[in-house]
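One structure below.
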Amino acid sequence: MPLSGSLIEQLSERLSHHLGAAVDIEQADPVGGGSINDAWRLATNAGPFFLKTNSADRFPSLFEAEADGLQRLQAADALRVPTVIAFGEDHDDTFLLLEHIEQDLRTEAFWERFGTGLAALHRHTWGHFGLERDNHIGSLEQVNTPLDSWAEFFIHRRLEPMLKMARDHRRVEAGMAFRFERLFHKLDGLFPHEPPALLHGDLWSGNFLCAADGAPVLIDPAVYYGHREMDIAMSRLFGGFEAGFYTAYNAAWPLEQGWQDRLDLCNLYPLLVHVNLFGGGYVAQVEGVLRKFV
């Protein structure tokens, strides 16, 4: 379905205000890659821009939260992030207007820059685990109410909400909850104690780009301050990251001993997210992780 005339008009006004000169949108072409939002490449007299749209009724705060996450990552000045130009609503649509990133092929140098940059991002810390606001992981609400302990945050703000959702929708059996309870009792002793790190929060292979100059670019964040191994673990969940990424990260800020053994533990959260979104084989993966740790 094409963009409405009123949305095109609002986007032109927002771009004109951003650039300080009149901007005409000449064409809006749909682009692929998103499973939740519709994505568009806007051709204008001032060059291309990137647009995401969705239903304002279903996801009224989705793009506001995403814009906030992108701006937090950009302020950290560790890795490139598309500049947020505008977000808002137009009748039934909600939108997020961003800088357009021209892409190139990933090289060995790209992965090294990415690993070093992520370590620099993780150096940004806060006094608590969490964030001042909630946001989303995929299309699901992500509660970030701060807590002082990583174990307590991981339990009460990450695992328990997703487990409850899965049980409420009968995607998992009641016995799984008892196995999680056993895990919760030992969780604090499984993680090394580190300060909260600024995380991308959804760092899988579909949520970064390689810019035309070879720079890594972060997109589609689910930002919060958490244990830095969460980003590392997510990068391994669906593959797509080269060995040079991990070598460069560890050279910049070595991970604590045993980090590879904890990846599955960290990935219980994104796996439960996928259980709630898709069900199916992800339940078996969660069961496998639980058997490993309890």
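The values are calculated or read from the model by the stated rules, or taken from the named source; none is laboratory data. The structure presented is a predicted model; accordingly, all values stated were derived computationally and were not measured. No Cβ is skipped: glycine too gets one built from the backbone with ideal geometry, and neighbour counts run over all protein chains shown.
Answer with yes or no whether residue 63 is outside the structural domain of residue 124 (by TED's automatic domain parsing) and assigned to a strand (DSSP E or B).
Against the criterion (outside the structural domain of residue 124 (by TED's automatic domain parsing) and assigned to a strand (DSSP E or B)), residue 63 does not qualify.
If we keep just the residues of segment 72-88 that are part of a loop (DSSP other than H, G, I, E, B) and out of contact with any strand residue (DSSP E or B) (no Cβ under 7 Å at 6 or more places or on another chain), which is surrounded by the most Cβ atoms within 10 Å (Cβ to Cβ)?
78
Which of the following residues is among the small types (Gly, Ala, Ser), assigned to a helix (DSSP H, G or I) and out of contact with any Asp or Glu (no Cβ under 6 Å at 6 or more places or on another chain): 240, 288, 214? Write out each step before concluding.
Details: 240 fails: assigned to a helix (DSSP H, G or I); 214 fails: assigned to a helix (DSSP H, G or I).
Only one candidate qualifies: 288.
Say whether the condition of being farther than 27 Å from residue 147 by Cβ and buried (at least 16 other Cβ atoms within 10 Å of the Cβ) is met by at least one residue in segment 278-286.
Yes; the residues of segment 278-286 include at least one that is farther than 27 Å from residue 147 by Cβ and buried (at least 16 other Cβ atoms within 10 Å of the Cβ).
Would you call residue 135 touching a strand residue (DSSP E or B) at 6+ places or on another chain (Cβ under 6 Å), surrounded by 15 or more Cβ atoms within 10 Å (Cβ to Cβ) and under 17 Å from residue 234 (Cβ atoms)?
yes
Here are some conditions: (1) farther than 22 Å from residue 191 by Cα; (2) surrounded by fewer than 22 Cβ atoms within 10 Å (Cβ to Cβ). Residue 294 meets all but one. Which one does it not meet?
Here residue 294 meets the rest and fails (1).
Go through segment 193-205 residue by residue and tally those that are touching a Phe, Trp or Tyr at 6+ places or on another chain (Cβ under 8 Å) and surrounded by 14 or more Cβ atoms within 10 Å (Cβ to Cβ).
The first filter runs over segment 193-205 and keeps only residues touching a Phe, Trp or Tyr at 6+ places or on another chain (Cβ under 8 Å), leaving 193-194, 196-199, 201, 204-205.
Imposing the further condition that a residue be surrounded by 14 or more Cβ atoms within 10 Å (Cβ to Cβ) reduces the set to 194, 196-199, 201, 204.
Counting residues in segment 193-205 that are touching a Phe, Trp or Tyr at 6+ places or on another chain (Cβ under 8 Å) and surrounded by 14 or more Cβ atoms within 10 Å (Cβ to Cβ) gives 7.
On the given criteria, is residue 141 without any contact (Cβ under 8 Å) to a residue 60 or more places away in the chain and under 17 Å from residue 270 (Cα atoms)?
For residue 141, the condition - without any contact (Cβ under 8 Å) to a residue 60 or more places away in the chain and under 17 Å from residue 270 (Cα atoms) - is met.
Taking residue 94, is it surrounded by fewer than 17 Cβ atoms within 10 Å (Cβ to Cβ), over 17 Å from residue 199 (Cα atoms) and not assigned by TED's automatic domain parsing to the domain that holds residue 202?
Numbers: surrounded by fewer than 17 Cβ atoms within 10 Å (Cβ to Cβ): no; over 17 Å from residue 199 (Cα atoms): yes; not assigned by TED's automatic domain parsing to the domain that holds residue 202: yes.
Taking the combined requirement at face value, the residue does not satisfy it.
Among the residues of segment 54-69, write down those that are in contact with a Ser or Thr (Cβ under 8 Å, 6 or more places away or on another chain) and surrounded by fewer than 22 Cβ atoms within 10 Å (Cβ to Cβ).
Matches in segment 54-69: 54, 55, 56, 59, 60.
If you go through segment 228-266 one residue at a time, how many are surrounded by fewer than 22 Cβ atoms within 10 Å (Cβ to Cβ) and within 17 Å of residue 187 (Cα to Cα)?
Total meeting the criteria: 10.
Given the residues 154, 184, which is the only one that is touching a Cys at 6+ places or on another chain (Cβ under 9 Å), in the same structural domain as residue 254 (by TED's automatic domain parsing) and surrounded by 15 or more Cβ atoms within 10 Å (Cβ to Cβ)?
Values: 184 fails: touching a Cys at 6+ places or on another chain (Cβ under 9 Å).
So the residue among 154, 184 that is touching a Cys at 6+ places or on another chain (Cβ under 9 Å), in the same structural domain as residue 254 (by TED's automatic domain parsing) and surrounded by 15 or more Cβ atoms within 10 Å (Cβ to Cβ) is 154.
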